[in-house]
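Participant: So that we are looking at the same thing, I have put the structure below in C-alpha coordinates.
The values are calculated or read from the model by the stated rules, or taken from the named source; none is laboratory data. Worth saying up front: this structure is predicted, and the values here are computed from it rather than measured. Ideal geometry is used to build each Cβ from the backbone, glycine not excepted, and the neighbour counts take in all protein chains shown.
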Amino acid sequence: MFFFGYMFCPDYCPTTMTTLNEALGKMKAADAAKVQVVFVTVDPARDKPKILADYVKAFNPSFAGLYGTDEQTAAAAKEFKIIYQKAQVKSEFTYMVDHSTQMYAFDPQGRIRLMIRHEAGPDAIAQDLTALVNG
(Lines give C-alpha, C1' and ligand atoms only; values in the text may rest on other atoms or scores of the structure.)
Protein backbone atom coordinates (compact mmCIF):
# COMPACT_ATOMS: atom_id res chain seq x y z
CA MET A 1 0.00 0.00 0.00
CA PHE A 2 1.19 3.51 -0.84
CA PHE A 3 -0.15 6.58 0.89
CA PHE A 4 1.15 10.08 0.17
CA GLY A 5 1.17 12.58 3.02
CA TYR A 6 3.31 14.46 5.49
CA MET A 7 4.10 14.25 9.18
CA PHE A 8 2.75 17.67 10.16
CA CYS A 9 -0.68 16.93 8.66
CA PRO A 10 -3.29 17.64 11.30
CA ASP A 11 -6.03 15.35 10.03
CA TYR A 12 -5.93 13.06 6.97
CA CYS A 13 -2.51 11.53 7.46
CA PRO A 14 -2.74 10.41 11.08
CA THR A 15 -6.33 9.29 10.54
CA THR A 16 -5.37 7.25 7.49
CA MET A 17 -2.37 5.69 9.20
CA THR A 18 -4.56 4.73 12.17
CA THR A 19 -7.19 3.29 9.82
CA LEU A 20 -4.58 1.23 7.97
CA ASN A 21 -3.26 -0.12 11.26
CA GLU A 22 -6.80 -1.05 12.31
CA ALA A 23 -7.41 -2.72 8.94
CA LEU A 24 -4.33 -4.90 9.34
CA GLY A 25 -5.53 -5.81 12.83
CA LYS A 26 -8.81 -7.07 11.38
CA MET A 27 -7.03 -9.39 8.95
CA LYS A 28 -5.67 -12.85 9.67
CA ALA A 29 -2.10 -12.45 10.88
CA ALA A 30 -0.72 -14.42 7.92
CA ASP A 31 -2.57 -12.19 5.45
CA ALA A 32 -1.64 -8.96 7.23
CA ALA A 33 2.01 -10.03 7.17
CA LYS A 34 1.83 -9.92 3.36
CA VAL A 35 0.87 -6.24 3.37
CA GLN A 36 3.51 -3.50 3.42
CA VAL A 37 2.21 0.00 4.15
CA VAL A 38 4.47 2.72 2.74
CA PHE A 39 3.94 6.36 3.70
CA VAL A 40 5.43 8.55 0.96
CA THR A 41 6.21 12.06 2.16
CA VAL A 42 5.20 15.05 0.06
CA ASP A 43 7.15 17.31 2.42
CA PRO A 44 10.82 16.28 2.16
CA ALA A 45 11.96 19.64 3.56
CA ARG A 46 10.63 18.74 7.01
CA ASP A 47 10.05 14.97 6.92
CA LYS A 48 13.66 13.82 7.12
CA PRO A 49 14.32 10.06 6.85
CA LYS A 50 15.03 9.29 10.53
CA ILE A 51 12.06 11.19 11.94
CA LEU A 52 9.85 9.90 9.11
CA ALA A 53 10.78 6.32 10.02
CA ASP A 54 9.98 6.96 13.69
CA TYR A 55 6.67 8.61 12.74
CA VAL A 56 5.34 5.72 10.65
CA LYS A 57 6.52 3.07 13.11
CA ALA A 58 4.55 4.82 15.86
CA PHE A 59 1.41 3.69 14.01
CA ASN A 60 2.66 0.18 13.30
CA PRO A 61 6.19 -1.27 13.55
CA SER A 62 5.84 -2.81 10.08
CA PHE A 63 5.03 0.49 8.35
CA ALA A 64 7.73 2.12 6.23
CA GLY A 65 8.39 5.72 5.23
CA LEU A 66 9.63 6.73 1.80
CA TYR A 67 11.62 9.91 1.38
CA GLY A 68 12.94 11.51 -1.79
CA THR A 69 14.29 14.79 -3.06
CA ASP A 70 11.88 17.47 -4.21
CA GLU A 71 12.34 16.25 -7.77
CA GLN A 72 11.81 12.58 -6.89
CA THR A 73 8.75 13.46 -4.83
CA ALA A 74 7.27 15.46 -7.72
CA ALA A 75 7.94 12.61 -10.16
CA ALA A 76 6.34 9.99 -7.88
CA ALA A 77 3.34 12.23 -7.22
CA LYS A 78 2.88 12.79 -10.95
CA GLU A 79 3.07 9.05 -11.62
CA PHE A 80 0.36 8.36 -9.03
CA LYS A 81 -1.70 11.45 -9.93
CA ILE A 82 -1.19 12.95 -6.48
CA ILE A 83 -1.66 16.68 -6.15
CA TYR A 84 0.16 18.55 -3.39
CA GLN A 85 1.13 22.14 -2.66
CA LYS A 86 2.20 24.27 0.25
CA ALA A 87 -0.60 26.29 1.82
CA GLN A 88 -0.96 28.77 4.67
CA VAL A 89 2.76 29.51 4.43
CA LYS A 90 4.02 31.50 7.41
CA SER A 91 7.73 30.79 7.05
CA GLU A 92 10.13 28.39 5.37
CA PHE A 93 9.28 25.64 7.86
CA THR A 94 5.81 26.70 9.02
CA TYR A 95 3.13 25.75 6.53
CA MET A 96 0.47 23.20 5.68
CA VAL A 97 0.52 20.96 2.61
CA ASP A 98 -2.73 20.44 0.76
CA HIS A 99 -2.60 16.96 -0.78
CA SER A 100 -4.58 14.14 -2.31
CA THR A 101 -5.70 11.50 0.16
CA GLN A 102 -6.21 8.30 -1.83
CA MET A 103 -4.24 5.14 -1.13
CA TYR A 104 -2.98 2.61 -3.64
CA ALA A 105 -2.81 -1.14 -3.15
CA PHE A 106 -0.56 -3.32 -5.28
CA ASP A 107 -0.75 -7.00 -6.02
CA PRO A 108 2.22 -9.31 -5.30
CA GLN A 109 3.53 -8.65 -8.83
CA GLY A 110 3.72 -4.90 -8.13
CA ARG A 111 0.73 -3.85 -10.23
CA ILE A 112 -1.71 -1.27 -8.89
CA ARG A 113 -4.94 -3.11 -8.17
CA LEU A 114 -6.90 -0.76 -5.93
CA MET A 115 -7.31 2.93 -5.34
CA ILE A 116 -8.79 3.32 -1.89
CA ARG A 117 -10.49 6.51 -0.80
CA HIS A 118 -9.63 8.13 2.51
CA GLU A 119 -13.23 7.61 3.65
CA ALA A 120 -12.96 3.81 3.43
CA GLY A 121 -13.11 2.29 6.87
CA PRO A 122 -10.88 -0.40 8.33
CA ASP A 123 -13.42 -3.18 7.67
CA ALA A 124 -13.67 -2.42 3.95
CA ILE A 125 -9.91 -2.00 3.62
CA ALA A 126 -9.25 -5.27 5.46
CA GLN A 127 -11.69 -7.08 3.19
CA ASP A 128 -10.13 -5.62 0.03
CA LEU A 129 -6.57 -6.36 1.16
CA THR A 130 -7.47 -9.90 2.18
CA ALA A 131 -8.93 -10.54 -1.26
CA LEU A 132 -5.88 -9.01 -2.90
CA VAL A 133 -3.26 -11.02 -0.98
CA ASN A 134 -5.21 -14.24 -1.51
CA GLY A 135 -6.24 -13.51 -5.10
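Participant: What is the residue count in the stretch 34-43 for residues that are buried (at least 20 other Cβ atoms within 10 Å of the Cβ), closer than 18 Å to THR101 by Cα and not polar (S, T, N, Q)?
Facilitator: Here the count works out to 5.
Participant: Then there's this: Looking only at the stretch 47-61, which residues are closer than 11 Å to MET7 by Cα and of a type in the set (Gly, Ala, Ser)?
Facilitator: Passing the criteria: only ALA53.
Participant: For the stretch 94-124, what are the residues that are touching a strand residue (DSSP E or B) at 6+ places or on another chain (Cβ under 6 Å), farther than 15 Å from VAL40 by Cβ and of a type in the set (A, V, I, L, M)?
Facilitator: Of everything in the stretch 94-124, those that are touching a strand residue (DSSP E or B) at 6+ places or on another chain (Cβ under 6 Å), farther than 15 Å from VAL40 by Cβ and of a type in the set (A, V, I, L, M) turn out to be MET96, LEU114.
Participant: Restricting attention to the stretch 12-31, which residues are in contact (Cβ under 8 Å) with a residue 60 or more places away in the chain and either under 21 Å from GLY110 (Cα atoms) or in contact with a Lys or Arg (Cβ under 6 Å, 6 or more places away or on another chain) (or both)?
Facilitator: Across the stretch 12-31, the qualifying residues are LEU20, ALA23, LEU24, MET27, ASP31.
Participant: A further question on this structure: If you scan the stretch 91-104, which residues turn out to be over 19 Å from VAL37 (Cβ atoms) and at pLDDT 95 or above?
Facilitator: Across the stretch 91-104, the qualifying residues are TYR95, MET96, VAL97, ASP98.
Participant: Exactly one of (1) among the hydroxyl-bearing types (Ser, Thr, Tyr); (2) exposed (fewer than 14 other Cβ atoms within 10 Å of the Cβ); (3) within 16 Å of the chain's Cα centre (by Cα) is unmet by THR19. Its number?
Facilitator: (2)
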